[in-house]
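Asks: Handing you a structure now.
The values are calculated or read from the model by the stated rules, or taken from the named source; none is laboratory data. The structure displayed is predicted, hence computed values, not measured ones. Don't worry about glycine lacking a Cβ; one is built from the backbone with ideal geometry, like all the others, and counts go over all protein chains shown.
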Amino acid sequence: MTRLRLLLVLISALFGAAGVHAQEPTRAQLDSGLAAHVVVIAREGRDSIVLRWGVTKPAVWLIGNRGGYAVDRAIARSDGKQPAAGEFAQIAIVKPWSPDQFERAAASGDTPSSFATLAAALLDTAEGDRSDAPLDGSPDAVREGRDRLAMRHGFALLAADRSALAAEGLGLRYVDRTVHASERYVYRVRMIAQSPIYPVDSGYTTAAAKPYARAERRNDVRAAEYDGSILVNWPADAYYSGYFVERSADKGRTFERLISVPLLSAHSRAGADSVPEAYLDTTIAANYRPYTYRVVGATPFADEELLGEVTAMGRDRTPPGRPYVPNPEPVDRRHVKIIWTMDEPPARDLAGFMVLRDSTDAGPFQPLWGRLLPPSTRSFVDTSFSESAPNYYAVAAFDTAGNFSLSFPALVTLIDSTPPDAPSWVRGTMDTNGVVTLVLHANREADCMGYRILRSNAEDHEFSSIIESYGTESLGAARDTVLHDTVEVGTLTRYVYYRAIALDRHFNESGPSVILAVPRPDRVPPSPPVIVDVTANEAGVGIEFVPSTSEDVKSHTVLRRISGAEQWDTLKLLPRDARSCTDTTTERGTRYDYSLFATDSANLRSERAAAVTARAVDPGTCAPVNAFEVRYDSSARQARLSWTYAASGAGYRFLVYRAAAGGPLRQIAALASDARAYADADARSAGTYEYIVKVVTRSGAESQPSDRRNVVVGSR
């Protein structure tokens, strides 16, 4: 089957379904794109309730025209919920009138309005749209028929809005006169017949019998006054299907309707009330003649309600021609002359001119004279201009209605040969990434335009320009005194050097600032110091060292720990030029390890110096040996020494000293604490030998030496 034949079959099924008994569509059917709805509203009255409805699809309107509509009513529930289907009772069946009914209404003396006549014609032509005459098979013919039906459906709804008789004749209105003032009702309007193609949902509304309250919307109408026209506007309201605008030229005594058909509202959807409606009246006789306007809203029940009134007049909104101002010229040091021209002839309502000035071409411009200059004036001399800031001039032309036009800004060029003062530095710093932050004291000159920054790697080298802040568009940024530069960090040059020059708006340059030396951040730790000697005496342990050779060293830190321990403790902090220190906090007999490191100005630390060890001296004494004797054993060729000692334990030892032939005493043996004798096998040569014995403890204490004993060794 072709698409065209399928379309013809669907249309035949649609129009042939008018006799099908109406059934409520399922939710799935209502959610489809073909679903249609009956939309119903109510107007409450003292002894009756008026219902008005319509359908959302033109094709469904045709089905309603043939089958009609059922009006059901139920008592509204006190809990606000929708009454169940069984609670509704049918109170009326409403169908469109036949041509005979329209004729009988006319014959009974109830003369139908033009909208009722239109309704009868629309029903007749709409019935022809669903006739059994075959289609010509053209898609354009099908599309034309669809558009024609949609247009007739729209006119039918408009006729029902404008005429109660037309609404009744179209079968879209019902008046329930069986209501009670004590009840609130829920109405349901449903189609008698439905199409299998378009599922139609019934319409519901709630109303009560009570006096109808006309809309009170006074003061909602506003007006905008233009040159030769007046725009009347008012808040949109989806309740109204259209509006009439009326005008009075005699202060509201009589009104004429400016439009014969209502101005249709385009705001029928929810949320559209915030969009205003408007009507532009371009038929006013002249400006400055007051008119009173009132807006009347047309309701879907063929009522008209006054929304409000407003009085307005057309006003002159056309400014005079724009003055042309060439660049002003300084007459002398204290006078600037501004000249302007106008197109000839100037406007007849030209009231005069005003000369304005500002320091930027963007304004806001300030007037130089407290009142308008006469219309014939074409020049003005300014004596109050600024010598340090730019001077932009503009001329405004005013008419008698207060309208004005403004010329383009024009800049005057003044002679200025005085340079600003040389800038001065606040500080300069460089971070580890090489970003340099330079801070200047702001120049006090009002015409200071900005700064030029120059850089060099040495004080006596040529400086090169690297920053020109006055090239920025923003005046605040041009005069910014915090500037940034980026340099290489990993070089051998210790400092980067900067100078600054200030420039005014006439490019007069100041002298250069003093040179600012900015140090590069230090990433190399200093060289370590070297310990060259350590001594222990009764005063403590003395350390001598060669300090770090790095130039930026600021201190040396001496470290100490008990020999064999892991943790180092800080002993002393020495200045950079120190070469020695003494540890006076030692404990007798304790062995200590000593080291130190250097710290530079960037707080970088050197490696630790090689550690040295020293024992704290014990200046105390212990008991000497007793019964010290020496004899020579000629057979063994040995000198045999013996002594006694009362102490016991292992905390000491014996030192044996010998002197030969009047020479100095020299230690020849160190014996354990349990020794009480010693054999000297080296005393063999002929001569006299002298011996002593001394006791030494582990803490360093020493005894007095024993008495000297001699032996004589003869020649063999």
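Asks: Using the structure shown, decide if residue 322 is surrounded by 12 or more Cβ atoms within 10 Å (Cβ to Cβ), out of contact with any Asp or Glu (no Cβ under 7 Å at 6 or more places or on another chain), among the charged types (D, E, K, R) and farther than 18 Å from residue 412 by Cβ.
Replies: Values: surrounded by 12 or more Cβ atoms within 10 Å (Cβ to Cβ): yes; out of contact with any Asp or Glu (no Cβ under 7 Å at 6 or more places or on another chain): yes; among the charged types (D, E, K, R): yes; farther than 18 Å from residue 412 by Cβ: yes.
Yes: the conditions hold for residue 322.
Asks: Could you figure out which of (1) surrounded by fewer than 18 Cβ atoms within 10 Å (Cβ to Cβ); (2) over 49 Å from the mean Cα position of the chain (by Cα); (3) hydroxyl-bearing (Ser, Thr, Tyr) isn't true of residue 384?
Replies: (2)
Asks: When you check residue 616 against the structure, is it free of Cβ contacts under 8 Å to residues at least 60 places away in the same chain and small (Gly, Ala, Ser), yes or no? Outline the logic, then answer.
Replies: Values: free of Cβ contacts under 8 Å to residues at least 60 places away in the same chain: no; small (Gly, Ala, Ser): yes.
Taking the combined requirement at face value, the residue does not satisfy it.
Asks: Residue check: is residue 437 modelled with pLDDT of 90 or more and within 31 Å of the chain's Cα centre (by Cα)? Please lay out each step first, then the result.
Replies: On the way: modelled with pLDDT of 90 or more: yes; within 31 Å of the chain's Cα centre (by Cα): yes.
When the stated conditions are applied, residue 437 passes them.
Asks: When you look at residue 358, is it surrounded by fewer than 16 Cβ atoms within 10 Å (Cβ to Cβ) and among the acidic types (Asp, Glu), yes or no? Full working, then the answer.
Replies: Numbers: surrounded by fewer than 16 Cβ atoms within 10 Å (Cβ to Cβ): no; among the acidic types (Asp, Glu): yes.
Taking the combined requirement at face value, the residue does not satisfy it.
Asks: Determine, yes or no, whether residue 613 is more than 15 Å from residue 696 (Cα to Cα), among the hydroxyl-bearing types (Ser, Thr, Tyr), exposed (fewer than 15 other Cβ atoms within 10 Å of the Cβ) and in contact with a strand residue (DSSP E or B) (Cβ under 8 Å, 6 or more places away or on another chain). Write out each step before concluding.
Replies: Details: more than 15 Å from residue 696 (Cα to Cα): yes; among the hydroxyl-bearing types (Ser, Thr, Tyr): yes; exposed (fewer than 15 other Cβ atoms within 10 Å of the Cβ): yes; in contact with a strand residue (DSSP E or B) (Cβ under 8 Å, 6 or more places away or on another chain): yes.
Criteria met by residue 613.
Asks: With 389, 397 as the choices, which residue is farther than 27 Å from residue 505 by Cα and in contact (Cβ under 8 Å) with a residue 24 or more places away in the chain?
Replies: Details: 389 fails: farther than 27 Å from residue 505 by Cα.
Of 389, 397, the one residue that is farther than 27 Å from residue 505 by Cα and in contact (Cβ under 8 Å) with a residue 24 or more places away in the chain is 397.
Asks: Of the residues that make up the range 225-236, is at least one assigned to a strand (DSSP E or B), among the small types (Gly, Ala, Ser) and either in contact (Cβ under 8 Å) with a residue 24 or more places away in the chain or farther than 30 Å from residue 350 by Cα (or both)?
Replies: Keep residues of the range 225-236 that are assigned to a strand (DSSP E or B), which gives 225-226, 229-235.
Applying the additional criterion that residues be among the small types (Gly, Ala, Ser) yields 229.
Then drop every residue that is not either in contact (Cβ under 8 Å) with a residue 24 or more places away in the chain or farther than 30 Å from residue 350 by Cα (or both), which leaves 229.
Yes: the range 225-236 contains one or more residues that are assigned to a strand (DSSP E or B), among the small types (Gly, Ala, Ser) and either in contact (Cβ under 8 Å) with a residue 24 or more places away in the chain or farther than 30 Å from residue 350 by Cα (or both).
Asks: Additional query: Any residue in the range 404-425 that is in a strand (DSSP E or B) sitting within a Cβ distance under 8 Å of a residue that is of a type in the set (Lys, Arg)? List the pairs, counting only those 6 or more apart or interchain.
Replies: 405/322; 406/322
Asks: Restrict the check to the range 675-690 and report whether at least one residue is within 18 Å of residue 625 (Cα to Cα) and among the β-branched types (Val, Ile, Thr).
Replies: Checked the range 675-690: no residue is within 18 Å of residue 625 (Cα to Cα) and among the β-branched types (Val, Ile, Thr).
Asks: Hey, can you tell me all the residues within the range 426-449 that are surrounded by 18 or more Cβ atoms within 10 Å (Cβ to Cβ) and over 30 Å from residue 331 (Cβ atoms)?
Replies: Scanning the range 426-449 gives 428, 430, 436, 438, 440.
Asks: Show the residue pairs that are 6+ apart or on different chains and have beta-carbon atoms under 9 Å apart, the first residue being within the range 142-171 and within 15 Å of residue 300 (Cβ to Cβ), the second being among the charged types (D, E, K, R) and part of a helix (DSSP H, G or I).
Replies: 160/168; 167/161
Asks: Further question on the same structure: Can you tell me how many residues in the range 674-706 are modelled with pLDDT under 90, surrounded by fewer than 18 Cβ atoms within 10 Å (Cβ to Cβ) and in contact with a Phe, Trp or Tyr (Cβ under 8 Å, 6 or more places away or on another chain)?
Replies: Residues meeting the conditions: 2.
Asks: Let me ask another. Find the strands (runs of 3 or more DSSP E) located wholly in the range 242-350 whose residues include 3 or more that are at pLDDT 90 or above, and list them. Explain how you work it out, then say what you get.
Replies: On the way: elements: 242-248, 276-281, 291-298, 304-312, 329-332, 335-339.
Answer list for the range 242-350: 242-248, 276-281, 291-298, 304-312, 335-339.
Asks: Shifting gears a bit: Residue 587 is checked against (1) within 60 Å of the chain's Cα centre (by Cα); (2) over 18 Å from residue 546 (Cα atoms); (3) touching a residue at least 12 places away in the same chain (Cβ under 8 Å) and fails just one. What number does that condition carry?
Replies: Going through the list (1) within 60 Å of the chain's Cα centre (by Cα); (2) over 18 Å from residue 546 (Cα atoms); (3) touching a residue at least 12 places away in the same chain (Cβ under 8 Å), residue 587 breaks only (1).
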